[in-house]
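The values are calculated or read from the model by the stated rules, or taken from the named source; none is laboratory data. These numbers were taken from a predicted model, which means no experiment stands behind them. Because the Cβ atoms are built from the backbone with ideal geometry, glycine has one as well, and the counts that use them run over all protein chains shown. Areas reflect the complete protein model, heavy atoms only, side chains present, ligands, DNA and RNA absent. Shrake-Rupley method; radii C 1.70, N 1.55, O 1.52, S 1.80 Å.
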Amino acid sequence: MSSTAPPSGIDHVDERLLRTTPLKKLLARPELGSVVGAAAVFVFFAVFADSFLRASSLGTVLYAASTIGIMAVPVALLMIGGEFDLSAGVMVTSSALVSSMFSYQMTANVWVGVGVSLLVTLAIGVFNGVMLTRTKLPSFIITLGTFLMLTGLNLGLTKLISGTVSTKTIADMEGFPAARKLFASQLTLGGVELKVTILWWFGLVALATWILLRTRFGNWIFAVGGGADAARAVGVPVHRTKIGLYAGVAFCAWISGQHLLFSFDVVQSGEGVGNELIYIIAAVIGGCLITGGYGSAIGSAVGALIFGMTSKGIVYAEWNPDWFKFFLGAMLLLATLLNAWIRKRVEATK
């Protein structure tokens, strides 16, 4: 390749195909701004919260980050693909409710409820994707409608079946200990107690990174997010790609829902409302652009880690927890501005 200049008549060439120096590659990484922000947050709470650096605190911070990070990964991929999912938070609760109520009402092994929940949750994700591609409506409208429907169904069906706003305990049912071990156990590593969700989180980040950087589907995600019409013109299956991304969000919602259920035995039907915004915030802090076509799974993990450090750091510093959202909002703005500045500097030197 003798030149990296765009061919005549083409205004833009995929930046991943351009020759560049290692420093420029580093500066162009979507997660760079969030890494700088994470380092700043870590130093900040290390100074102002005496217990923040304790080994036990590390496990707590990572657990808080993992509960957000598991969902932030597929949400980040969806945003790279140019779409949103406002139903992700309540979908987690829906997944847990289906597992619990199906197992309890059918007096079946809890694994049957877990399997039914997987099918139902995936169906919700596919529904979002199909509605989006068939109606051409914005994903904001489609998933807002799903959010409202699931919120009503979660509360209405739970009251109808259980008589209260929470499910019945399934802790004494067959298969519960094994399911808890898979979705809600903990292990000790170097004297630090770590929840199994941390392993799920790391595994999902690794899988999503491999998909984005090493597979055809990853190229399709970037192409669709950069411009659906242009992607379709070069043979990218835009509809299948978007449906697959929504199914990915649903799958991770199922994992999070099972953790919720098997951690506490019962599920409150009103949980999950508002969490969808936290998942989006983690992805944006991690470098995903609102307009799509840019971002990384690793960045979403760093964004979730910032959430974990901030939420627990305020507690360790013995500050009023009401300040948490202020810090989260400030970090969102600072990370977004830093990401935009870095991207402009890199583009200006190409």
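Apart from one condition, Ser139 fits all of (1) crowded, with 19+ Cβ neighbours inside 10 Å; (2) closer than 30 Å to Ile170 by Cα; the exception is (2).
Tell me whether the range 220-240 contains one or more residues that are of a type in the set (Phe, Trp, Tyr), farther than 30 Å from Val112 by Cβ and exposed (fewer than 14 other Cβ atoms within 10 Å of the Cβ). Taking every residue of the range 220-240 in turn, none turns out to be of a type in the set (Phe, Trp, Tyr), farther than 30 Å from Val112 by Cβ and exposed (fewer than 14 other Cβ atoms within 10 Å of the Cβ).
To keep it simple, each residue is scored yes or no on (1) within 17 Å of the chain's Cα centre (by Cα); (2) farther than 29 Å from Val284 by Cβ.
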position	(1), (2)
Thr60	no, no
Met71	yes, no
Val90	yes, no
Asn109	no, yes
Val112	no, yes
Leu118	no, no
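One residue alone among Ala38, Ala96 is modelled with pLDDT of 90 or more, open to solvent by less than 30 Å² (accessible area, probe 1.4 Å) and closer than 24 Å to Cys252 by Cβ, and that residue is Ala96.
For the range 171-212, a residue qualifies if it is aromatic (Phe, Trp, Tyr) and more than 18 Å from the chain's Cα centre (by Cα), and exactly one does: Phe176. Quick one: which of Val92, Val110, Val120 is more than 30 Å from Ala228 (Cα to Cα) and aliphatic (A, V, I, L, M)? One residue alone meets the criteria, Val110. Filter the range 279-301 down to the residues that are assigned to a loop (DSSP other than H, G, I, E, B) and of a type in the set (Val, Ile, Thr) and list them by number. Of everything in the range 279-301, those that are assigned to a loop (DSSP other than H, G, I, E, B) and of a type in the set (Val, Ile, Thr) turn out to be Ile290, Thr291.
Residues of the range 224-262 that are part of a helix (DSSP H, G or I) and without any contact (Cβ under 8 Å) to a residue 40 or more places away in the chain: Asp229, Ala230, Ala231, Arg232, Ala233, Arg240. Contact map, the range 177-198: first residue under 16 Å from Ser66 (Cβ atoms), second residue aromatic (Phe, Trp, Tyr) and surrounded by 12 or more Cβ atoms within 10 Å (Cβ to Cβ), Cβ cut-off under 6 Å, separation 6 or more or different chains; pairs are Phe183/Phe262; Ala184/Phe262; Lys195/Tyr63. Here is the figure for the range 105-118: residues that are out of contact with any helix residue (DSSP H, G or I) (no Cβ under 7 Å at 6 or more places or on another chain) and crowded, with 19+ Cβ neighbours inside 10 Å total 0. Of the residues examined, Ser56 is one that is polar (S, T, N, Q), assigned to a helix (DSSP H, G or I), surrounded by fewer than 24 Cβ atoms within 10 Å (Cβ to Cβ) and modelled with pLDDT under 95. Any chance the range 61-83 includes a residue that's at pLDDT 95 or above, acidic (Asp, Glu) and open to solvent by 10 Å² or more (accessible area, probe 1.4 Å)? Looking through the range 61-83, at least one residue is at pLDDT 95 or above, acidic (Asp, Glu) and open to solvent by 10 Å² or more (accessible area, probe 1.4 Å). Which ones in the range 142-173 are surrounded by fewer than 15 Cβ atoms within 10 Å (Cβ to Cβ) and charged (D, E, K, R)? Answer for the range 142-173, where residues must be surrounded by fewer than 15 Cβ atoms within 10 Å (Cβ to Cβ) and charged (D, E, K, R): Lys159, Asp172.
Each row is one residue, and each column tells you yes or no for (1) of a type in the set (Ser, Thr, Tyr); (2) under 22 Å from Leu148 (Cα atoms); (3) surrounded by fewer than 20 Cβ atoms within 10 Å (Cβ to Cβ); (4) touching an Asp or Glu at 6+ places or on another chain (Cβ under 6 Å).
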residue: Val249; (1), (2), (3), (4): no, yes, no, yes
residue: Gly257; (1), (2), (3), (4): no, yes, no, no
residue: Ile280; (1), (2), (3), (4): no, yes, no, no
residue: Gly286; (1), (2), (3), (4): no, no, no, yes
residue: Ile290; (1), (2), (3), (4): no, no, yes, no
residue: Phe307; (1), (2), (3), (4): no, no, no, no
residue: Lys312; (1), (2), (3), (4): no, no, no, no
residue: Trp319; (1), (2), (3), (4): no, no, yes, no
residue: Ala335; (1), (2), (3), (4): no, no, no, no
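Comparison of Thr188, Thr151, Thr164, Thr169 shows that the only residue that is polar (S, T, N, Q) and modelled with pLDDT of 95 or more is Thr151. In a residue-by-residue description of the range 263-278, the property of being in a helix (DSSP H, G or I), open to solvent by less than 10 Å² (accessible area, probe 1.4 Å) and either modelled with pLDDT of 95 or more or under 22 Å from Thr336 (Cα atoms) (or both) applies to no position.
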